[in-house]
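Presented below is the structure to which this report refers.
The values are calculated or read from the model by the stated rules, or taken from the named source; none is laboratory data. Computed from a predicted model, the values in this text were never measured in an experiment. Every residue, glycine as well, gets a Cβ built from its backbone with ideal geometry; the counts of neighbours run over all protein chains shown. Remember, those area values only see protein heavy atoms, side chains included, never the ligands or the DNA or RNA. Shrake-Rupley method; radii C 1.70, N 1.55, O 1.52, S 1.80 Å.
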Amino acid sequence: EEIVFAGVGKTRQELTYALQLGVAWINVESSGELARIAQLAQALGVHPRLALRLNPDVRADTHPHIATGHAAAKFGLPIAEAEQILSAYRPERDPYRIEGVHVHIGSQLHSVERTVEALQAALSVIERFPFLRALNLGGGFPISYAGEPVPSIEAFAAAVRPLLAGRQVRLLLEPGRYIAAENGLLLVEVQYVKHTNSGTFYIVDGGMTELIRPALYSAIHDILPLRQSDAEPTLAHVVGPICESADVLRTHVTLPPLHEGDLLAVLQAGAYGAVMGSTYNARPLPSEIVLEGDSWRVARRRQTWQDLLREEDG
Ligand SMILES: Cc1ncc(COP(=O)(O)O)c(C=O)c1O
């Protein structure tokens, strides 16, 4: 009832599952996907509700890896192609209902202007095809990782509200990071302290396999030592154990002198953290602990080496 199924490369198997389950929306990203949905829906005798994901060709103000709404991106339908689909759509003939449009121009958006442009593009499509009654504006609402200024959620609301006023359009949102990021941290333990000509390296037991954002996006996460210290802080690099030079949690961070066994909290790891984890370098996935009030529980047990080998054959 509440599930929106999004993704640029939905397989037949995934679509069949979604169609059998009867999810609320499937967001269609290409003509090929629409044809595939039509075929599967006909075979299954279902009549799914669809939104067309538009590529409004706006360049989101964010890291290029997470900008998804410009023409060179793989995501969504160019407006002209979406309008062709909508012109050709015949509700009485087609085995699906196209009832909405979707835009998601990127994640960790540093300005509201591009979102407004995307919304304007989506609204112009809705105006041409008034049977479209829903507009999914995606996610992208940012958090401040290391004190950098980002637009507030209220700034996004203030910017889009006037454009939506008076319209009979249902607004859907898909915030991810904004909800989850601050609610998780990665706990790591210092294994070795290495002094080199390039500075001090704290080599810890977690890295890009647990939190890939610094390696993938040059992201900066706050790092806090768990033990308070009065010692003079110094500049250091906190790095993981993996055999990649990109396996860095944070460079040039000011920390008190640390020793083997000290614990560090890498903050804002609740979004795009564990879910982007991998077992590269034969590293079992760590356990996940949920804190509820004063109590805690293991929400996911630590993987073992046996777990890693279990699926292997021969
Ligand atoms: C289609 C879609 N909607 C929403 C989101 C959530 O984005 P954010 O975490 O930036 O809010 C994503 C993230 O990849 C996405 O691909």
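Whether any residue in the stretch 66-74 is within 16 Å of the ligand (Cβ to nearest atom) and surrounded by fewer than 14 Cβ atoms within 10 Å (Cβ to Cβ) is what I want to check. So far as the stretch 66-74 goes, yes, one or more of its residues are within 16 Å of the ligand (Cβ to nearest atom) and surrounded by fewer than 14 Cβ atoms within 10 Å (Cβ to Cβ).
For the structure I just gave you, tell me whether residue 58 is touching a His at 6+ places or on another chain (Cβ under 7 Å), in a loop (DSSP other than H, G, I, E, B) and within 16 Å of the ligand (Cβ to nearest atom). Against the criterion (touching a His at 6+ places or on another chain (Cβ under 7 Å), in a loop (DSSP other than H, G, I, E, B) and within 16 Å of the ligand (Cβ to nearest atom)), residue 58 qualifies.
When the test is whether a residue is part of a helix (DSSP H, G or I) and not polar (S, T, N, Q), residue 216 passes it.
Please enumerate the residues belonging to the stretch 89-109 that are of a type in the set (Lys, Arg) and either more than 31 Å from the chain's Cα centre (by Cα) or within 16 Å of the ligand (Cβ to nearest atom) (or both). Scanning the stretch 89-109 gives 90, 93. Within the stretch 219-254, being part of a loop (DSSP other than H, G, I, E, B), closer than 24 Å to residue 281 by Cβ and aliphatic (A, V, I, L, M) holds for 219, 220, 242, 246. Of everything listed in (1) open to solvent by less than 10 Å² (accessible area, probe 1.4 Å); (2) over 16 Å from residue 57 (Cα atoms); (3) within 11 Å of the ligand (Cβ to nearest atom), the single unmet condition for residue 86 is (3).
Taken over the stretch 142-173, the criterion of being in contact with a Leu (Cβ under 9 Å, 6 or more places away or on another chain), open to solvent by less than 20 Å² (accessible area, probe 1.4 Å) and assigned to a loop (DSSP other than H, G, I, E, B) is satisfied by 142, 145.
For residue 296, state whether it is of a type in the set (Phe, Trp, Tyr), open to solvent by 80 Å² or more (accessible area, probe 1.4 Å) and in contact with a helix residue (DSSP H, G or I) (Cβ under 9 Å, 6 or more places away or on another chain).
Answer is no for this residue.
Just the residues that are within 24 Å of the chain's Cα centre (by Cα) and free of Cβ contacts under 8 Å to residues at least 12 places away in the same chain, please, taken from the stretch 17-70. Selection gives 17, 64.
Residues in the stretch 95-139 that are in a loop (DSSP other than H, G, I, E, B), open to solvent by 10 Å² or more (accessible area, probe 1.4 Å) and in contact with a strand residue (DSSP E or B) (Cβ under 6 Å, 6 or more places away or on another chain): 96, 133. Taken over the stretch 174-209, residues that are open to solvent by less than 20 Å² (accessible area, probe 1.4 Å) and away from the ligand (no atom under 16 Å from the Cβ) amount to 7.
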